[in-house]
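Read through the structure below, which is laid out as structure tokens, and then see the notes.
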Amino acid sequence: MAFEVRKMHKLSDQIEALAYDWAATDVCEYFGVEFISELTEDQAVEMYNYAESEECYEGYVGTVLRTMYEQWAEENQQDG
């Protein structure tokens, strides 16, 4: 049997959760909100644009910021 790291998906989930919490703290402090859902559209777009920029070079950070944006967008959908 070859060596393998077991339960890598669990490690990945924990790292992503840590990155999410870390980034959420920075987002909320920067924009002066308590929850991501309280962001204005301009603020949410600014966060998303940062996630897509070269300044955001860490993959997990980009992933969680895009996740936050998607959650924000879902919560703030306008009924048309």
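Computed from the coordinates by the stated procedures, all read-outs in this text should not be read as laboratory data. Predicted model only: the values in this text are computed from it and were never measured. Note that we place each Cβ from the backbone using ideal geometry, even for glycine, and neighbour counts take in every protein chain shown.
Our note on the geometry: Cα centres of region 8-22 and region 32-80, 18 Å apart. Where does the charge balance sit around Val45 when Lys and Arg score +1, Asp and Glu -1, over other residues with C-beta under 14 Å from its C-beta? Charge balance near Val45 sits at -4. With the charge dipole of the chain set up from +1 on Lys and Arg Cβ and -1 on Asp and Glu Cβ about the Cα centre, the Cα lying farthest toward the positive end among the listed residues Phe35, Leu65, Met47 is that of Leu65.
Note that region 2-19 has calculated 3J(HN,Hα) couplings of 7, 4, 8, 8, 7, 6, 4, 4, 5, 4, 4, 4, 5, 5, 5, 5, 5, 5 Hz, one per residue in order, obtained from phi through the Karplus relation 6.51 cos²θ - 1.76 cosθ + 1.60 (θ = phi - 60°); glycine and proline are x. Relative to the Cα centre, the charge distribution of the chain, modelled as +1 at Lys and Arg Cβ and -1 at Asp and Glu Cβ, gives a dipole magnitude of about 620 debye. With one equal scatterer per alpha carbon and no solvent term, the Debye-computed log10 I(q)/I(0) for region 13-75 at 0.18 1/Å reads -0.56.
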